[in-house]
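Comments concern the structure below.
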Amino acid sequence: MSFSSLAQDSTPQDNTVSLTSSSSTSAPAHEQMKLKVKVVVVSMFEIGEDTGDAPGEFQLWRERESLDTVYPLPHAHHDVFANEQKGIIGLVTGMGIARASAAIMALGLDQRFDLSQAYWIVAGIAGIDPLDSTIGSAVWTDYVVDGDLAHHIDAREIPDSWNTGYFPLFTHAPYANAENVNVEDSPNGEVYQLNESLAKWAYSLTKNSELPNTPAMDALRSKYQGFPNALQQPVVTYGSHLSASTFWHGDKLNTWANDWVSYWTRSKGNFMTSGMEDSATLQSMSYLHNAGLVDKNRLVILRTASNFTMQPPGLTAAENLEKESSGDGYAAMRSAIESAYLVGSQFSDYILAHWDEVKTVPPSLEK
């Protein structure tokens, strides 16, 4: 559940974005030597300008990592910005499956960059399951499950014995053929398993981080009585991500999300965060990996919780979604954006500082 509705409210209707700023410089022409990239930071959206105003997912990286050299990318949503001295670049994919897939592929095929040994960090906000954690938390991802590839029969027309009309492709009923699911071989991109060793290392590196919190966040989480994990302070944790283009919300769909992730991971993954783009990013990374242009095993995903995926007791799903989408809603958005950088930059800082050690073999807890 990434912030499509909020970002659309805050972005001009013609979908224009600011691609350059007065403090950025243009990269040399195509005949330059390829930039050896050590870290790619993938953001999904920005609000307004890239610098100097209310931040989206990209702005803190742009400013704090001094990504001041612009590489025009007219064949994608947003230009690439780089700190050439450090070897780190930042990309804004645009929101949703289509834009994310196109942007990652555009970057991966760009002859100006050597991405063969680059580490990739997707750092963005998400919805969080109140059964597992709370707003402001940061979640390193083990599995990404696609929530769009499915059959769907309206609930008013399903058999009485079904608990949902949404069920996997090539089946005839909810969660049929579960024994045939292969987490390591998903021909249609229904599920992706990330490099577990790298993800757990990233979690270990950052697990003791102190994350920002506000009184408004405390007030919101206090409404989730009966959800002990939702009542806690934000932490760095580890879990699975559901990637779907529809911004869904509510208790019933939260149950579906848990069941869907459990089905596609054969109960190895636990649904914790909801967003839009990550299955598309991983599909493009898989194709680029097959072409020898990137190493998909060097990608990590960090999603930080800006909102809950379901309503608190006493409200309907529709009432809660309206509250979050208007007025002072999304109380944790600013903190979640800050946490994405605070936690994610520990990963990128380590890679850059220890490049001679990690350029050939990714870090892990075993080393």
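Quick notes
- Gap separating the Cα centres of region 113-128 and region 148-195, nearest whole Å: 28
- In the context of the full set of protein chains, residues of region 290-367 present 43 Å² of accessible surface per residue (probe radius 1.4 Å, heavy atoms only).
- Shape class of region 203-242 from the Cα gyration tensor (axes a ≥ b ≥ c, square roots of the eigenvalues): oblate, since a/c reaches 1.5 or more and a/b does not exceed b/c.
- Per-selection Kirkwood Rh - region 244-367 (Cα, Å, 1 d.p.): 17.5
- Kirkwood radius for the chain, taken over all pairs of different Cα atoms as the inverse mean of 1/r, rounds to 20.8 Å.
- Over all other residues within a Cβ to Cβ distance under 9 Å of S240, the charged ones net out to 0, with Lys and Arg as +1 and Asp and Glu as -1.
- Ranked packing of 306-314, 71-79, most packed first, by mean Cβ within 10 Å: 306-314, 71-79
- Shape category assigned to region 185-229 from the gyration tensor of Cα positions, a/c cut at 1.5: oblate
- Separation between Cα centres of region 36-66 and region 197-256, rounded to whole Å: 22
- Charge sum, other residues only, whose C-beta stays under 14 Å from K38's C-beta, Lys/Arg counted +1 and Asp/Glu -1: -2
- Cross-link partners of K207 among lysines (Cα-Cα below 19 Å; sequence separation of 8 or more within a chain): K367
- Under 23 Å of direct C-alpha separation, and excluding same-chain neighbours fewer than eight residues apart, K223 reaches these lysines: K252, K323.
- Whole-percent carbon and sulfur share, accessible surface of the chain, 1.4 Å: 50
- The magnitude of the dipole of the chain, with charges of +1 and -1 set on the Cβ of Lys/Arg and Asp/Glu and taken from the Cα centre, is near 640 debye.
- Simple label model, 7 Å out from Cα along Cβ direction - A353 to E63, nm: 2.3
- The mean accessible area for residues of region 141-224, using a 1.4 Å probe and ignoring ligands and nucleic acids, is 55 Å² per residue.
- Fully extending the segment from D259 to E366 would add 35.3 nm, taking 0.36 nm per residue of separation and subtracting the current Cα-Cα distance.
- Other residues lying with their Cβ under 13 Å from the Cβ of Y263 contribute a combined charge of -2, Lys and Arg counting +1, Asp and Glu -1.
- Antiparallel bridges, percent of DSSP beta bridges restricted to the chain (to nearest 5): 35
- When Rg and the Kirkwood radius Rh are both evaluated on Cα atoms of region 76-115, their ratio Rg/Rh stands at 0.98.
- Residue (of Y330, Y192, S348) at the positive-pole extreme of the chain, dipole from beta-carbon charges: S348
- When the C-alpha to C-alpha distance is required to be over 18 Å, the pairs from K38/K359; K268/K296; K34/K296 that qualify are K268/K296; K34/K296.
- Using just its DSSP H runs of length 4 or more, each adding -39500 (n - 2.57), the chain gives a mean residue ellipticity at 222 nm of -8500 deg cm²/dmol after division by all residues.
The values are calculated or read from the model by the stated rules, or taken from the named source; none is laboratory data. A quick note: this is a predicted structure, and the numbers were derived from the prediction, not measured. In this analysis, Cβ positions are derived from the backbone assuming ideal geometry, glycine residues included, and neighbour counts consider all displayed protein chains. Ligands, DNA and RNA are stripped out before the accessible areas are found, and what is left, the full protein with its side chains, is counted by its heavy atoms. Shrake-Rupley method; radii C 1.70, N 1.55, O 1.52, S 1.80 Å.
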